[in-house]
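Here's the structure we're looking at; comments come further down.
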Amino acid sequence: MRLHALRATRLGPALRGLASASAAGRRPGPDPGLLDPAFWRCSHTWRRAGVNTLRCLVGCSIGDLGSMAYLLAYHPHMAMGATMAISMSAGIASSVLLETTMLRFGRDRLPWVAAARTATGMSLVSMLAMEGTENAVTLALTDAGTSLASPAFWGITALSMAAGFVAPLPYNYIRLKKWGRACH
């Protein structure tokens, strides 16, 4: 049976894949696994994962920094752990709201309920990793006397945001590469 005759059958795509693999001189087989360095070499997927992670970072940072600034300015005697917990919750909430809005009014045009479910379900792990990392860095590098007006506060904030970007990036890459799913 010739290859072009197989295209009309259900096995056509699979056999075409075998034929193209053998024509290219490589063995057909499963996609590389997470431990295979080839899995991690897709620059297109890294770029897309970076964009998705940056969008999540913006959403998380709006709530996180806004609530932290408010709490440090108006409730300076609040325990740092409570400030971090409130800030982390606000960061996740603002990220979900931003992502839901983007899914509703962006290119996807999802209904509100579907947009909220998608935003919450697909990126919650990424947001938790991001917020947890940001707050761990901030907590490790600041003390109760660090002022919002201090250059040290903003330097630590920039460092914590960089760490918050890097922490979920591999997870977002895996979701895109392995499952074709993005958080945005």
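Test SER67 against the stated conditions and say whether it is more than 15 Å from the chain's Cα centre (by Cα), in the same structural domain as THR138 (by TED's automatic domain parsing), touching a residue at least 24 places away in the same chain (Cβ under 8 Å) and part of a helix (DSSP H, G or I).
Taking the combined requirement at face value, the residue satisfies it.
Being more than 16 Å from ILE86 (Cα to Cα) and β-branched (Val, Ile, Thr) is the filter here; which residues of segment 138-157 pass it?
THR142, THR146, ILE156, THR157
Given the conditions (1) over 21 Å from PRO170 (Cβ atoms); (2) surrounded by 21 or more Cβ atoms within 10 Å (Cβ to Cβ); (3) modelled with pLDDT under 90, which single one is not true for ALA79?
(2)
Here's the yes/no breakdown for (1) without any contact (Cβ under 8 Å) to a residue 12 or more places away in the chain; (2) small (Gly, Ala, Ser):
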| residue | (1), (2) |
| --- | --- |
| SER94 | no, yes |
| ARG104 | yes, no |
| ARG109 | yes, no |
| ASP143 | yes, no |
| PRO151 | yes, no |
| MET161 | no, no |
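State which residue pairs qualify: first residue closer than 8 Å to LEU176 by Cβ and inside segment 45-57, second residue not in a helix (DSSP H, G or I) in any location, beta carbons under 7 Å apart, and separation of 6 or more residues or different chains.
ARG48/ALA182; ASN52/ALA182; ASN52/CYS183; ASN52/HIS184
One residue is enough: does segment 21-40 have a residue meeting the conditions assigned to a helix (DSSP H, G or I), at pLDDT below 65, over 31 Å from the mean Cα position of the chain (by Cα) and not aliphatic (A, V, I, L, M)?
yes
In segment 166-181, what residues are in a helix (DSSP H, G or I) and crowded, with 18+ Cβ neighbours inside 10 Å?
Correct list: LEU169, ASN172, TYR173, ARG175, LEU176, LYS177.
Going by the structure shown, is MET127 aliphatic (A, V, I, L, M) and within 21 Å of TYR171 (Cα to Cα)?
It is true that MET127 is aliphatic (A, V, I, L, M) and within 21 Å of TYR171 (Cα to Cα).
Has segment 104-117 got at least one residue that is in the same structural domain as PHE153 (by TED's automatic domain parsing), more than 16 Å from the chain's Cα centre (by Cα) and surrounded by 20 or more Cβ atoms within 10 Å (Cβ to Cβ)?
yes
Looking at segment 152-164, can you tell me whether even one residue there is in contact with a helix residue (DSSP H, G or I) (Cβ under 8 Å, 6 or more places away or on another chain), part of a helix (DSSP H, G or I) and at pLDDT below 90?
Scanning segment 152-164 turns up no residue that is in contact with a helix residue (DSSP H, G or I) (Cβ under 8 Å, 6 or more places away or on another chain), part of a helix (DSSP H, G or I) and at pLDDT below 90.
Among the candidates SER94, SER123, which residue alone is in contact with a helix residue (DSSP H, G or I) (Cβ under 8 Å, 6 or more places away or on another chain) and at pLDDT 85 or above?
SER94
If you go through segment 86-101 one residue at a time, do you hit one that is of a type in the set (A, V, I, L, M, F, W, C), assigned to a loop (DSSP other than H, G, I, E, B), surrounded by 12 or more Cβ atoms within 10 Å (Cβ to Cβ) and assigned by TED's automatic domain parsing to the domain that holds ARG175?
no
The values are calculated or read from the model by the stated rules, or taken from the named source; none is laboratory data. From a predicted model like this one, the values you see are computed outputs, not experimental measurements. No Cβ is skipped: glycine too gets one built from the backbone with ideal geometry, and neighbour counts run over all protein chains shown.
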